[in-house]
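Everything on this sheet refers to the single structure shown next.
The values are calculated or read from the model by the stated rules, or taken from the named source; none is laboratory data. Keep in mind it's a predicted model, so treat the numbers as computed, not measured. Cβ placement follows ideal geometry from the backbone for every residue including glycine, while neighbour counts extend to all protein chains displayed.
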Amino acid sequence: MSKINTTLLLCLLWFTFGVVNAVEQQKRANILLIVVDDMGYSDIGAFGGEIVTPAIDALAATGIKMTNFYVGPTCSPTRSMLMSGNDNHVAGLGNMNEALTPNQAGQPGYEGHLNDRVVSVASLLRQAGYHTYMAGKWHLGEKPHHDPSKRGFEKSFTLLEGGASHFDDEWMMYANYTPTYRENGIRTHVPRGFYSSEFYTDKTIQYISEQTDDAPFFAYLSFTAVHDPLHLPDDWLNRYTGKYSMGYNALREERLARMKKLGIVPAGTKLGPWLPMVPKWDDLSAEQKQLEARRMELYAAMVSNIDFHIGRLVAYLKETGKLDDTLIIFFSDNGANGADMHMYPGTDEAWVERNSDNRFPNWGRRGSRIAQGAGWAQASSTPFRLFKAFIAEGGIRSPLIASGPPLARSGKTLHAIAHVMDIAPTLLEIAAATYPTANESGVPIPQRGKSLLPLLTAQADSTRGADDFLAWEFFDWRAVRTAKWKATWIAEPFGTGDWQLFDMMLDPGESMNLSDQFPDVTQELAQKWHRYAEDVGVVPSQATNWPDN
């Protein structure tokens, strides 16, 4: 009898252990997705920058850095791919809503908002049992039925447009629109004392703290910084005073040297070509240097301020026992912004002067409209060519950092090619959720992204095969990337107006055009791009056919 009881007890203990173990195996990670706006590839310390970013660097030290992570060339196209796992020409942002041409408006994939051809990753995570929260920039549609609350977010406080003042004055970033804020789909206004990076972090913490059950959460913290105008709280205004007197050309050299030591870029990497219409630092007058240096001082302080608030959020997760169960993903939505404030739609220098307080002592404060500028944007994009709005590397390559479960790598730098479309499939696999094979109308909507989970868990060193390629189109400019090669077509004066070819393994700065040496490779990549354009439904800005070259 005692033997039977002992056997039953052992069986019971084994059964109980098995159930507990199964529950532990089924436990799904919380997900914190942090996207910054218009930050350059080399700005943060972990990617070679001199800007002080200890919280972000700590995430890199305990997680992974991905050096070949690609995004769209501007804000809303990237965000449409992030939310859908599909190409922006499929998801509704084939062009930014603000820049749609008559030939594009109303065409499939050019609705100017996240369309119904795709399903939001937030909707699918919520269906899978996740709480879903968002704070910050949306930029995927402004009408009530485009709101984050209609695309899967349980709680949200969002700026609907592409940018605005970072203070509580709710000033427009450029002419002819009024910044619109909504909380949970209801029109609202920011509170007194609002500063964007602080407030959106506070909202994220609030939403997580209000959760009363143990279900996992998906929190999307979408900073509007460091998008212009460059604004800072008073106690942050002078943290980098005097730090950039060396100028943007010297800063590029310094950053590239650090990037090589960190293994971010190959040892033989050369700087991408300098924009000829931007004066070199040594050609500026003393007064011009003072003004230019101040731009970068404010920009750098905004990056450090973002880092400070990320540190607050990570500390909150640690204090509440949630950090060890949370996957954190950090990246920038596109490259640094080289445009000035008068270059936005419907805006000119007279409008900026008339509607801003741009006296030098007021730079960075309420009422000022100051941008980083093309010289510093090229430095922020070190070692790459060009910056935001271009399909050169400076516009579409972003620093990505991931930390937390289910990562099996720690402190590693990965050079595998990845894309912002890959984020949604990755999160769905982590959540044990699936993407529907068709939308409500029965139209197939396959995701174009690939889950990065095999990379994160060290099960694979790449998620793309030898025949896979990535492609982009923006403002009729084109790019296509394979493991080794990248071909670009950029109109003059920023490009040559024909296909150029670059060896990405040796020359990520796109400093040497190899199209004449490898015409067959160039033609093959051009054909791949045309196949891509037909597949996703690219519509030219004008009613003309694409050139044959």
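Taking the criterion of being of a type in the set (S, T, N, Q), over 20 Å from residue 91 (Cα atoms) and under 16 Å from the mean Cα position of the chain (by Cα), the residues of the stretch 29-80 that qualify are 42, 67, 68. Restricting attention to the stretch 451-465, the residues being buried (at least 20 other Cβ atoms within 10 Å of the Cβ) and not hydrophobic (A, V, I, L, M, F, W, C) number 1. Residues in the stretch 73-103 that are surrounded by fewer than 19 Cβ atoms within 10 Å (Cβ to Cβ) and either in contact with a Gly (Cβ under 8 Å, 6 or more places away or on another chain) or within 24 Å of residue 135 (Cα to Cα) (or both): 98 only.
Okay, residues lined up against (1) surrounded by 24 or more Cβ atoms within 10 Å (Cβ to Cβ); (2) out of contact with any His (no Cβ under 9 Å at 6 or more places or on another chain); (3) among the aliphatic types (A, V, I, L, M); (4) under 14 Å from residue 251 (Cβ atoms):
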residue: 353; (1), (2), (3), (4): no, no, no, no
residue: 356; (1), (2), (3), (4): no, yes, no, no
residue: 377; (1), (2), (3), (4): yes, yes, yes, yes
residue: 393; (1), (2), (3), (4): yes, yes, no, no
residue: 398; (1), (2), (3), (4): yes, yes, no, no
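Pairing residues of the stretch 87-110 that are over 20 Å from residue 333 (Cα atoms) and free of Cβ contacts under 8 Å to residues at least 12 places away in the same chain with residues that are among the β-branched types (Val, Ile, Thr) and surrounded by 18 or more Cβ atoms within 10 Å (Cβ to Cβ), at Cβ distances under 6 Å and at least 6 apart in sequence or on separate chains, gives no pairs at all.
Against the definition (charged (D, E, K, R), more than 16 Å from the chain's Cα centre (by Cα) and farther than 27 Å from residue 190 by Cβ), how does residue 117 come out, yes or no? Criteria met by residue 117. Against the definition (in a strand (DSSP E or B), touching a residue at least 60 places away in the same chain (Cβ under 8 Å), on the phi < 0 side of the Ramachandran plot and buried (at least 19 other Cβ atoms within 10 Å of the Cβ)), how does residue 487 come out, yes or no? Criteria not met by residue 487. Residues that are closer than 13 Å to residue 157 by Cα, touching a residue at least 60 places away in the same chain (Cβ under 8 Å) and part of a loop (DSSP other than H, G, I, E, B): does the stretch 206-226 have at least one? Looking through the stretch 206-226, at least one residue is closer than 13 Å to residue 157 by Cα, touching a residue at least 60 places away in the same chain (Cβ under 8 Å) and part of a loop (DSSP other than H, G, I, E, B). For the stretch 235-249, a residue qualifies if it is in a helix (DSSP H, G or I) and farther than 16 Å from residue 286 by Cα, and the qualifying residues are 235, 236.
Against the numbered list (1) more than 29 Å from residue 97 (Cα to Cα); (2) touching a helix residue (DSSP H, G or I) at 6+ places or on another chain (Cβ under 8 Å); (3) hydroxyl-bearing (Ser, Thr, Tyr), residue 368 comes up short only at (1). Looking at the stretch 305-337 only, could you name the residues that are within 16 Å of the chain's Cα centre (by Cα) and within 18 Å of residue 55 (Cβ to Cβ)? Hits for the stretch 305-337 are 306, 307, 310, 328, 329, 330, 331, 332. Would you please name the residue that is surrounded by the fewest Cβ atoms within 10 Å (Cβ to Cβ), looking only at residues in the stretch 126-166 that are charged (D, E, K, R) and not in a loop (DSSP other than H, G, I, E, B)? Taking the candidates together, the pick is 150. Filtering the stretch 41-66 to residues that are within 12 Å of residue 331 (Cβ to Cβ) and hydroxyl-bearing (Ser, Thr, Tyr) leaves only 41. Taken residue by residue, the stretch 296-304 has no member that is more than 20 Å from residue 195 (Cα to Cα) and either crowded, with 17+ Cβ neighbours inside 10 Å or under 18 Å from the mean Cα position of the chain (by Cα) (or both).
Within the stretch 218-248, if we keep just the residues that are surrounded by fewer than 19 Cβ atoms within 10 Å (Cβ to Cβ) and within 26 Å of the chain's Cα centre (by Cα), the residue that is farthest from residue 405 (Cα to Cα) turns out to be 237. Pairing each residue of the stretch 310-322 that is surrounded by 17 or more Cβ atoms within 10 Å (Cβ to Cβ) with any residue that is not in a helix (DSSP H, G or I), provided the two are 6+ apart or on different chains, yields C-beta distances under 6 Å for 317/326. None of 350, 379 is hydrophobic (A, V, I, L, M, F, W, C), in a helix (DSSP H, G or I) and free of Cβ contacts under 8 Å to residues at least 40 places away in the same chain except 350. Restricting attention to the stretch 249-266, the residues being surrounded by fewer than 16 Cβ atoms within 10 Å (Cβ to Cβ) and either basic (Lys, Arg) or at pLDDT below 95 (or both) number 1.
Within the stretch 125-150, the set of residues being farther than 27 Å from residue 347 by Cβ and in contact with a helix residue (DSSP H, G or I) (Cβ under 6 Å, 6 or more places away or on another chain) comprises 132, 133, 134, 135. Name the residue that is modelled with the lowest pLDDT, counting only residues in the stretch 413-443 that are aliphatic (A, V, I, L, M) and assigned to a loop (DSSP other than H, G, I, E, B). Applying the filter and picking the extreme gives 443. For the stretch 473-483, check the following and say yes or no: at least one residue is at pLDDT below 95 and assigned to a strand (DSSP E or B). Scanning the stretch 473-483, I find no residue that is at pLDDT below 95 and assigned to a strand (DSSP E or B), so the answer is no. Just to be sure, is residue 170 over 19 Å from the mean Cα position of the chain (by Cα) and among the charged types (D, E, K, R)? The answer is yes for residue 170. Please identify the pairs in which a residue from the stretch 169-190 that is farther than 11 Å from residue 159 by Cα and in contact (Cβ under 8 Å) with a residue 24 or more places away in the chain has its Cβ atom under 7 Å from the Cβ atom of a residue that is polar (S, T, N, Q) and assigned to a loop (DSSP other than H, G, I, E, B), counting only partners at least 6 apart or on another chain. Between residues of the stretch 169-190 that are farther than 11 Å from residue 159 by Cα and in contact (Cβ under 8 Å) with a residue 24 or more places away in the chain and residues that are polar (S, T, N, Q) and assigned to a loop (DSSP other than H, G, I, E, B), the close pairs are 171/165; 174/347; 175/347. Among the residues of the stretch 497-531, those identified as assigned to a loop (DSSP other than H, G, I, E, B), at pLDDT 95 or above and either farther than 17 Å from residue 385 by Cβ or of a type in the set (Gly, Ala, Ser) (or both) are 509, 511, 515, 516, 517, 518.
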